[in-house]
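Peer 1: To start, I am sharing the structure in question, which I have written as structure tokens.
The values are calculated or read from the model by the stated rules, or taken from the named source; none is laboratory data. These figures come from a predicted structure and were not determined experimentally. Reconstructed Cβ throughout: ideal geometry from the backbone, glycine too, with neighbour counts over all protein chains shown. These accessible areas exclude ligands, DNA and RNA; they are computed on the full protein's heavy atoms, side chains included. Shrake-Rupley method; radii C 1.70, N 1.55, O 1.52, S 1.80 Å.
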Amino acid sequence: AIEPYPFYGCRMLESINIPDRVTSIGNSAFYNCYGFKGSLTLSENITTINNNTFRGCYGFKGNLVIPNSVTSIGTYAFYNCYGFNGSLLLSENLTSIDASAFSCDNSYTMKFTGSLTIPNKVTSIGNYAFNNCSNLRNIISLANIPPSLGSYCFSNIPNDATVEVPCSGLQSYMSSSW
């Protein structure tokens, strides 16, 4: 386990590779670390990405892969982590994405590219969860029952971004906040 706050404000890290023997990361473990030049690799055994875990960490490059062991992503978990320039790949077992999990304030934008697939087990997406993810072009929700959406969870993504939902759930999505 990585306890809460051990690397808070660290400026000397270039990349993070969390080994598979780590099963949990405490709140704010890497909060406000910056100067990264490489990637972020998460343990295949983490089940929760807690509140503020990587908040304010910027400079990471490439894709962000949330391992299939992860079932929830906490509030502000990746807030203001601008710099990622690849895909955001979410865990197939994810059930909740809390408020502002992948958002940036209005001074920055998340550079995740291409499509975002919301796994079929997700039941809730918090307020501002993907705010300012300005390069997302397609949102695919795999659940037949639409996840509940918080306020502004997809605000400031491109106006021409498309949303895809299962045909069998289309009526449910049309009568929801989607």
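Peer 1: So if we plug the beta-carbon distance of T23 and N138 into 1/(1 + (r/R0)^6) with R0 = 45 Å, what FRET efficiency do we get, rounded to 0.05? List each step's numbers first, then the result.
Peer 2: Working: r = 33 Å, r/R0 = 0.73.
Using R0 = 45 Å, I get an efficiency of 0.85.
Peer 1: To continue, here is another question. Sort R137, R21, R55 by accessible area with a 1.4 Å probe, largest first.
Peer 2: On the way: R137 115, R21 195, R55 60 Å².
Reading off the accessible areas and sorting them downward yields R21, R137, R55.
Peer 1: Along Cα→Cβ, 7 Å out, is where each label goes; now give me the distance between the ones at S176 and N106 in nm to one decimal.
Peer 2: Once both label points are built, they end up 2.9 nm from each other.
Peer 1: While we're here: Per residue, how much accessible area does the chain show when a 1.4 Å probe rolls over the protein heavy atoms, in square angstrom?
Peer 2: Details: 8310 Å² over 178 residues.
It amounts to 47 Å² per residue over the chain.
Peer 1: OK, next. Calculate the spin-label point distance for T41 paired with N85, positioning each point 7 Å from the Cα along the beta-carbon direction, and give it in nanometres.
Peer 2: So the label points at N85 and T41 sit 2.1 nm apart.
Peer 1: Take the Cα radius of gyration of the stretch 39-178 and divide it by 2.2 N^0.38 Å, with N its residue count; two decimals is plenty.
Peer 2: Working: Rg = 13.9 Å, N = 140, 2.2 N^0.38 = 14.4 Å.
This ratio for the stretch 39-178 stands at 0.96.
Peer 1: With Kirkwood's inverse mean 1/r over C-alpha pairs for Rh, give me the Rg to Rh ratio of the stretch 1-117, two decimals please. Mind dumping the intermediate values first?
Peer 2: Working: Rg = 12.7 Å, Rh = 13.8 Å.
With Rg and the Kirkwood Rh in hand, the quotient comes to 0.92.
Peer 1: Here is a further query. Choose one answer from T53, T162, T113: the residue with the largest mean-square fluctuation in a GNM of the chain with alpha-carbon springs under 10 Å.
Peer 2: Comparing T53, T162, T113 in the GNM, the peak value goes to T162.
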